[in-house]
Amino acid sequence: MFEAFADLVVYRWLALAQGSHLADALHFFIMDTTKIFTLLVLVIYVMGLLRAILSPERVRDYVRGKPKWLARTLAIILGAVTPFCSCSSVPLFIGFVEAGIPLGVTFSFLIASPMINEVAAVILIGILGWKLAALYIVAGLVVAYVGGVTMERFRPERWVEDYVWKIHMGETARVEMDTSLAGRHRYAMNEVHEIVGRIGKWVLIGVAVGAIFHGYVPQDWVVEHLGGKSNLFAVPAAVLLGIPLYSNATGVIPIAEAMLGKGVAMGTTLALMMSIAALSLPEMLILRKVIRWPALAIYAGVLAVAFTLVGWGFNLLA
């Protein structure tokens, strides 16, 4: 359906020649834009119906007081099923610290939350197939767990800004959610409006970058410089490239689709996706307001090494 609509616009209405750079890029852009935004609206609405009673405060309360291994597992799962981007996860990070949750557990949540979510998973399956979606999710869960454990080894508590420890948020009065069908419908529609409004521009940017890559970058050049599984420098280069390209797990999917279509190795593509989603400059700048430079440098280094190892590992196994 989406491909047929793109064919109609590009080849019939605009009468562009098949195989031209512009036609290929525009076809990619129209097809992926309609597909991703359709899936976004549907999945966010359905999850909104189910999530009408789940708030960030309840996410925090679910984790508080649990044994460390269980708290870490819950933090990762809750990070993966809550629609928080990297920037909106940082305020919740402060709430975790204030609630007395171990910082290693908090870092596991901070890694998982922007990198994995059910919306990205559904769109990954719809565009790239369930195998790549499963690989990305499993790799993300492992990185979140191991990354949190590794951060804990460095005792990052000593580098948390003083004001964070002094925050006394107290127990905010809960506003009872309207759990009727009409109430959940209103909540779900609000979720669609808020989340699509927040990430829509990044999805469009991601699709545009993917379309340009798909239509104009020669496949021979891509295969020579990024496609080879034996090219050890391709994976760390992809991780570094992802740092300034702020987006989210959803917005990076069309870029990954275009890269895979040009012959880029799977591990290299996964490393870039993870870097863009969890190691972006905006997140680092916001996180700097919470932790000092030594902890921030360790955090970025741990993720960069983890993403590189994931990329190399998948390139070796693929």
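The values are calculated or read from the model by the stated rules, or taken from the named source; none is laboratory data. Since this is a predicted model, take the numbers as computed values, not measurements. Methodologically, a virtual Cβ is constructed for each residue, glycine included, from the backbone with ideal geometry; neighbour enumeration extends over all protein chains shown.
Of the set (1) modelled with pLDDT under 80; (2) over 18 Å from P156 (Cα atoms); (3) part of a helix (DSSP H, G or I); (4) within 19 Å of the chain's Cα centre (by Cα), all apply to L74 but (1).
Given the structure, is V97 part of a helix (DSSP H, G or I), at pLDDT below 85 and in contact with a strand residue (DSSP E or B) (Cβ under 8 Å, 6 or more places away or on another chain)? So V97 passes the test. Given the condition touching a residue at least 60 places away in the same chain (Cβ under 8 Å) and assigned to a helix (DSSP H, G or I), answer yes or no: does some residue in segment 216-231 qualify? Yes, segment 216-231 has at least one match.
Cβ-Cβ contacts under 7 Å between residues 6 or more apart (or on different chains), taken from a first residue in segment 63-83 that is closer than 25 Å to Y45 by Cβ and free of Cβ contacts under 8 Å to residues at least 60 places away in the same chain to a second residue that is of a type in the set (D, E) and in a helix (DSSP H, G or I), are listed as V81/E118. Taken residue by residue, segment 195-204 has at least one member that is free of Cβ contacts under 8 Å to residues at least 12 places away in the same chain and under 22 Å from H27 (Cβ atoms).
If you check V207, V175, V160, V192 for being modelled with pLDDT under 90, surrounded by fewer than 16 Cβ atoms within 10 Å (Cβ to Cβ) and of a type in the set (V, I, T), only one passes: V175. Where helices (runs of 4 or more DSSP H) fall entirely within segment 251-317, those with at least 1 residues that are in contact with a Ser or Thr (Cβ under 6 Å, 6 or more places away or on another chain) and buried (at least 24 other Cβ atoms within 10 Å of the Cβ) are at 253-261, 266-278, 293-317.
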